[in-house]
Amino acid sequence: MSDKLSGCVALVTGASSGIGQATAVELASHGAKVAVVARRKERLDELVARIESAGGTATAIVADITDEAAAEQVVAQTVESDGRLDILVNNAGVMLLGPTPESSLADWKRMVDLNVLGLLYCTHAAIPHLLAAAQDGPRRVSDLVNVSSIGGRSVRPGSQVYNLTKWGVGALSESMRQELASKYLRVSVIEPGATRTELQEANRPEILAQIRSRQDGFELLDPQDVADAIGYMVTRPRHVNVNEIMVRPTEIA
């Protein structure tokens, strides 16, 4: 373990698997107290046990952040429990693909609710605490990291609303970065390519088969690859803002 984030408190959404889980472990390895948020209690309990067995500190919060009040309570509970909030990683997301004429409006709304509104609810609630941490925290800087996707930089047929949500995350992040930089609240966006996570598993069988066919034969990213990049972002010196990282499998163009 390192002590680069000693005295800091981090909140990671969508932490029950994949990138969120790996990121929580990564931040804890640098000395941060980590609050992990998702809907699956068993997964969160396992993650907390893993972090604590490695000498870290973590707290599980079961919540659905698409509920505005629940998202606000997640932030409030973290601050009440740990006294502050230095890092927010907005990782929770869903990807539901398919041809436009066959797409479900419910699926479109589900992506907007989690990828956009859930992120906004957590961010809005966290901003005052992140600004305070930048003024009186051990590092005199705080971090807001939004997990987007290469789908926020390029589009393909069948991913229309997923692209919409991730392009929005990129625009939001850059606007906030420009506004909050002088207050030492660093805003960063990370855009992973194809990663071995549960993200694609929510798709219909025929869509999932198409995704797997495109990825067949390629070595995908591991969640830890993305977590490493996030860890790098938030452990930079106060005067350095790594505001954007795209990370993708080497073999996939």
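Each reported figure results from applying straightforward, stated rules to the coordinates on display, with no laboratory input. No experiment lies behind these values; they were computed from the predicted model shown. Glycine gets a Cβ as well: all are built from the backbone with ideal geometry, and neighbour counts include every protein chain shown.
For this structure, a couple of remarks:
- Choice from TYR232, TYR184, TYR121 showing the highest fluctuation, given a GNM over the chain with Cα pairs closer than 10 Å: TYR232
- Histogrammed with a bin width of 10 Å, the alpha carbon distances of the stretch 178-228 distribute as 20, 36, 23, 15, 7 percent, first bin at zero.
- Rel. contact order, % - alpha carbon contacts under 8 angstrom, at least six apart, the stretch 9-246: 20 percent
- Restricting attention to the stretch 9-246, close to 0% of DSSP beta bridges with both partner residues there are antiparallel.
- For the chain, built as a Gaussian network whose Cα springs stay under 10 Å, the top-fluctuating residue of GLU102, GLU191, GLU26: GLU102
- Diffusion constant of the stretch 9-246 at 37 °C, which comes from Stokes-Einstein with the Kirkwood Cα-pair radius and 0.692 mPa s, µm²/s: 184 µm²/s
- Given their separation in residues at 0.36 nm each and the Cα-Cα distance between them, SER103 and THR250 gain 49.8 nm when the chain is fully extended.
- For the stretch 9-246, with +1 on Lys and Arg beta carbons and -1 on Asp and Glu, the positive-most of VAL226, MET111, PRO101 along the dipole: VAL226
- Projecting label points 7 angstrom from Cα along Cα→Cβ for ASP3 and GLN178 puts them 4.0 nm apart.
- Result for the chain in a Gaussian network model with C-alpha springs under 10 Å: among VAL116, VAL36, VAL89, the largest mean-square fluctuation is at VAL116.
- Within straight-line reach of LYS109, meaning a Cα separation under 30 Å, sit the following lysines at least 8 residues removed in sequence or on another chain: LYS41, LYS166.
- Positive-pole candidate from SER182, GLY14, THR195, dipole of the stretch 9-246, charges at beta carbon: SER182
- When SER81, SER53 are sorted by how many other C-beta atoms sit within 10 angstrom of their C-beta, beginning with the fewest, the order is SER53, SER81.
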